[in-house]
1. Anything in the range 214-237 that is free of Cβ contacts under 8 Å to residues at least 40 places away in the same chain and of a type in the set (Gly, Ala, Ser)? List them, or say none.
2. In this structure, is residue 177 of a type in the set (Asp, Glu) and at pLDDT below 90?
3. List the pairs whose first member sits in the range 20-37 and is at positive phi, whose second member is surrounded by fewer than 16 Cβ atoms within 10 Å (Cβ to Cβ) and in a loop (DSSP other than H, G, I, E, B), and whose Cβ atoms are under 9 Å apart, counting only residues at least 6 apart or on separate chains?
4. Using the structure shown, decide if residue 162 is within 24 Å of the chain's Cα centre (by Cα) and loosely packed, with under 13 Cβ neighbours inside 10 Å.
5. Is there any pair with a first residue in the range 158-169 that is assigned by TED's automatic domain parsing to the domain that holds residue 225 and a second that is aromatic (Phe, Trp, Tyr) and not in a loop (DSSP other than H, G, I, E, B) whose Cβ atoms are under 7 Å apart and which are 6 or more apart or on different chains, and what are they?
6. Just name the residue that is farthest from residue 192 (Cα to Cα) out of those in the range 116-132 that are over 24 Å from the mean Cα position of the chain (by Cα) and exposed (fewer than 15 other Cβ atoms within 10 Å of the Cβ).
7. Within the range 189-243, track down each residue that is surrounded by 12 or more Cβ atoms within 10 Å (Cβ to Cβ) and aromatic (Phe, Trp, Tyr).
8. Regarding the range 87-96, can at least one residue be identified that is at pLDDT below 90 and touching a strand residue (DSSP E or B) at 6+ places or on another chain (Cβ under 7 Å)?
Amino acid sequence: MKQITCKNCGAVFSESLDKCPYCGTMNKKGAYKKFRKKIYDMIDSMLGLKQEAHRSVTRIIFTSLLRSLVMIAAIILLAFFFSRFANVNYYNDREYDEKALEAILWEDENLEKLDEAYRNDDFETIDKLYYENSSAVSRWSHYPSYALKKEFKKISEEEYFNEYDLADALYFLFYPEYFAGYNGMSKVDMEEYELMRGSLLTMLNQKGLSEAKLEEIYREHCDEYGYLRGSELSGYLKEGTNG
């Protein structure tokens, strides 16, 4: 069965369905086929009178007239259905197009602001624009690098470095995709990332935690839990500080 993609939510489903099973958006082809089947079923049901009608001329005439009336009613219903459906599609398409246009206009107006804010490390402006249109900012080419820079700043400027900051630092060092996204690392300025990584390592070395020890902690916890649990890392900070 042929699969189609929902215009509204992007879900994939069978073309034979009259609407998207995920968001309820109407599928024109599927709805038409379903409606047409009901009409034909109704016609076939009415034409079941045909055998009985053959017993008399009166019944034959009645069947012929009934068939004509049913066909006329079906045509009228189909015409009514398509007129209503065309109206619904018109407004849905119009709303979709308006939203797409708004998104394009927003990006035209704000992408330059985002680029300038990124060059100036103006995270406040980027955050403000993110809350205004998170989907557009998430598609922005510098977003993965921004996410890493913002996280680095938070970790390195933390006044009271605790076990949860250590968890973030470990992710930053050994799994930066945690912040930049699985596909985002391809857009990251790796030279800039390596500089931040080196600076973070220096800071942690001063706390008594070498890169080898940090990697050991990261691997050990990910193997045991599947992720880093900040509540389990406080001992390493004390150990590093005391060491």
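1. Hits for the range 214-237 are 226, 235.
2. So residue 177 does not fit the description; no.
3. 24/8
4. Answer is no for this residue.
5. Within 7 Å, the pairs are 166/236.
6. Only one residue tops the list, namely 124.
7. Listed by number, the residues that qualify are 193, 218, 236.
8. yes
The values are calculated or read from the model by the stated rules, or taken from the named source; none is laboratory data. Keep in mind the model is a prediction, meaning the values are calculated, not measured. In this analysis, Cβ positions are derived from the backbone assuming ideal geometry, glycine residues included, and neighbour counts consider all displayed protein chains.
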